[in-house]
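Report on one structure; see the data block that follows.
The values are calculated or read from the model by the stated rules, or taken from the named source; none is laboratory data. From a predicted model like this one, the values you see are computed outputs, not experimental measurements. Please note: Cβ atoms are built from the backbone with ideal geometry, for glycine as well, and neighbour counts cover all protein chains shown.
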């Protein structure tokens, strides 16, 4: 019966992954993400679908390649695209009915077309993706107001001088410029409007001293890119 909630588990897993990216270290977001996808693969395996160790391994490799693309290699290239393909492929085929797949291997089926067999996995994937986008929107809007979550999230402003925290209203820094005070790979610190901020570089790693502009300030974090001189 767990496989019947595949779309919801994908939704929860992606939402947990987003929350993990917004919190330092490994925390509640990572636990939610791993638990949701572990249940996803286990449930589909028990339901007789194609989920198994091989597809779970491809899923993990896909995540690792995307992580390499984000944290090691600047931009979004071969590693990121390959990881995304492996991740999506592993998720979709894990929901594919095992008996139907064996039927195709033995010469196809006149009763069920490949497109028909793929319809349910594709629908669950769509539910997970679009549902997670809505969930991310809700987290961006409401989570910074929850004290327990707010304490675990990367601060958008760090204390300076006497050590007192400087509060910055969400959106107030959008479009402002400053300078990177550490390397951004992609996380680091930048000074914007006289405030020392924990920021995330968009797309490419930046070096200490690079001029930056705030392109996103959603209350859960500040994203910057390099100002071309």
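Restricting the stretch 38-55 to residues that are part of a loop (DSSP other than H, G, I, E, B) and out of contact with any strand residue (DSSP E or B) (no Cβ under 8 Å at 6 or more places or on another chain), which is surrounded by the most Cβ atoms within 10 Å (Cβ to Cβ)? Spell out the reasoning first.
Quick first cut of the stretch 38-55, residues part of a loop (DSSP other than H, G, I, E, B) only: 47-48, 50-52.
Keeping just the survivors that are out of contact with any strand residue (DSSP E or B) (no Cβ under 8 Å at 6 or more places or on another chain) gives 47, 51-52.
Numbers: 47: 16, 51: 26, 52: 14.
It comes out as 51.
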Being modelled with pLDDT of 85 or more, touching a strand residue (DSSP E or B) at 6+ places or on another chain (Cβ under 8 Å) and either in a helix (DSSP H, G or I) or surrounded by 17 or more Cβ atoms within 10 Å (Cβ to Cβ) (or both): is that true of residue 125 here? no
Sole exception among (1) within 25 Å of residue 139 (Cα to Cα); (2) modelled with pLDDT of 85 or more for residue 24, by number: (2)
Among the candidates 34, 58, 65, residue that is closer than 25 Å to residue 139 by Cα and either without any contact (Cβ under 8 Å) to a residue 40 or more places away in the chain or assigned to a helix (DSSP H, G or I) (or both): 34
Counting only residues that are within 18 Å of residue 87 (Cα to Cα) and within 14 Å of the chain's Cα centre (by Cα), which one in the stretch 27-51 is modelled with the lowest pLDDT? 30
I'd like to check something: does the stretch 162-176 contain any residue that is part of a strand (DSSP E or B), outside the structural domain of residue 36 (by TED's automatic domain parsing) and modelled with pLDDT of 85 or more? no
Verdict on residue 130 being out of contact with any strand residue (DSSP E or B) (no Cβ under 8 Å at 6 or more places or on another chain), surrounded by fewer than 16 Cβ atoms within 10 Å (Cβ to Cβ), closer than 22 Å to residue 27 by Cα and modelled with pLDDT of 55 or more: no
Checking residue 57 against (1) at pLDDT below 90; (2) more than 18 Å from the chain's Cα centre (by Cα): exactly one of these is not met. Which one? (1)
Output the number of the condition that residue 96 fails; it satisfies all remaining conditions of (1) more than 19 Å from the chain's Cα centre (by Cα); (2) over 15 Å from residue 5 (Cα atoms); (3) at pLDDT below 85. (2)
